[in-house]
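Working notes, structure below.
Coordinate-derived values only; no laboratory data. Predicted, not measured: the structure shown is a model, and the values here were computed from it. Heads up, the Cβs are rebuilt from the backbone with ideal geometry, glycines too, and the neighbour counts pull from every protein chain shown.
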Amino acid sequence: MRRKIVAGNWKMNGTRQIAKDLAVGVSAIVEGLDKSVEVLIAPPFILMADVVAQISSDVNLASQNVSGFDNGAFTGEVSADMLVGFGCSYSIVGHSERRALFGDTNEVVSAKVAKCIDKNIQPILCVGETLEERESGKIFEVVGSQLRAALKGLSQVQLGKVVIAYEPVWAIGTGKTATPEQAQEVHEFIRREIAVIDKAVSDVISIIYGGSVNAGNAKNLFAMADIDGGLIGGASLKLEEFEVICKAIG
Ligand code: 13P
């Protein structure tokens, strides 16, 4: 059974007070939702303690990143063990902003996915093409190679712990959402690629869409056959809008 997931990626936004208010608000939203929907929030690391103090047990905590190393001399990094200590059960891995701005190569992403699984954190593996790659007909080549590199060597059980997020780079923070058909085409491709690795997992893995999802377009995106939810950036910071998005998947 594919899980329905709505995840809010707050990125580098908020203050302690804003994070507390959002956490309280998201908990109230989740209270009114069908229990089949999993809602996640991914605050900045340093605001996690404040968020944890406010969220209800029905809200899942995610991180926006995680180190691929266990511990040691890695200044500025945060380990999976530290995240587990906060009750963090998911981690976004390989977000395009990490790939483009902070040097997260496919190899780095692969190490982070493996570390998450090793520490019992479910990785939300982000993949997606740039506009240039889309326009030059390289969508499937790019997304396929990102997937294969990150998932290489995982056992069936391990693969079953991964959530995939398709986030076309050109749709992130631009207000230009992929149409439901454009998104579905890539989600279907991703599910086929997973099936090549393991057919049983491909039937149950959740593949969520991210990129300018808002209150107006969520329902049509979530209605597509292979779209199991959303990874929401800007709109996850606005409670009213996030509520509409969470309800759109019901
Ligand atoms: P926006 O919803 O702001 O486009 O961001 C999407 C995203 O990058 C979520 O991880």
Any idea what diffusion coefficient region 121-194 gets from Stokes-Einstein, in µm²/s, Kirkwood Rh on alpha carbon pairs, 4 °C, 1.567 mPa s? 100 µm²/s
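Stretched out fully, how many nm does the piece from ARG148 to GLU31 gain, at 0.36 nm a residue minus the Cα gap? Please report the intermediate quantities before stating the final value.
Working: separation 117, 0.36 × 117 = 42.12 nm, distance 3.75 nm.
Working it through step by step, the gained length comes to 38.4 nm.
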What whole number of Å gives the distance from the Cα centroid of region 104-132 to the Cα centroid of region 217-250? 22 Å
Per-residue Cβ neighbour rank within 10 angstrom, fewest leading, TRP170, TRP10: TRP170, TRP10
With charges set only on the Cβ (+1 for Lys and Arg, -1 for Asp and Glu), what does the dipole of the chain come to about its Cα centre, in debye to the nearest 20? 220 debye
Among GLN184, GLN17, GLN54, residue whose mean-square fluctuation peaks in a GNM of the chain (springs only between Cα atoms under 10 Å): GLN17
Below 8 Å between Cα atoms, with a sequence gap of 6+, how large is the relative contact order for region 21-98 in percent? 30 percent
For region 154-250, just list the percent of Cα-Cα distances falling in each 10 Å bin from zero outward, please. 17, 47, 28, 9, 0
Relative contact order of the chain, defined on C-alpha pairs under 8 angstrom at six or more residues apart (%): 21 percent
First measure r as the distance between the Cβ atoms of ALA73 and VAL52, then evaluate 1/(1 + (r/R0)^6) with R0 = 30 Å and state the FRET efficiency to the nearest 0.05. 0.65
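Does the chain classify as rounded, prolate or oblate by the C-alpha gyration tensor (a ≥ b ≥ c root eigenvalues; a/c under 1.5 gives rounded; else a/b over b/c gives prolate, otherwise oblate)?
Details: a/c = 1.42, a/b = 1.10, b/c = 1.29.
Rounded.
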At 222 nm, what value in deg cm²/dmol follows for the chain if DSSP H runs of at least 4 each add -39500 (n - 2.57) and the sum is divided by all its residues, to the nearest 500? -12000 deg cm²/dmol
Could you please tell me the mean projected area of the C-alpha convex hull for region 1-58, averaged over all directions and given in square nanometres to one decimal? 4.0 nm²
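Would you mind calculating the gained length between LEU101 and SER89 on full extension (0.36 nm times residue separation, minus the Cα-Cα distance), in nm to one decimal?
The span from LEU101 to SER89 would gain 1.8 nm if fully extended.
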Calculate how large, on average over all directions, the projected area of the Cα convex hull of region 11-112 is; give the answer in nm² to one decimal. 7.0 nm²
In region 1-69, which trypsin sites (Lys or Arg not before Pro) are in a loop and have at most 12 other Cβ atoms within 10 Å, using DSSP for the loop call? LYS35
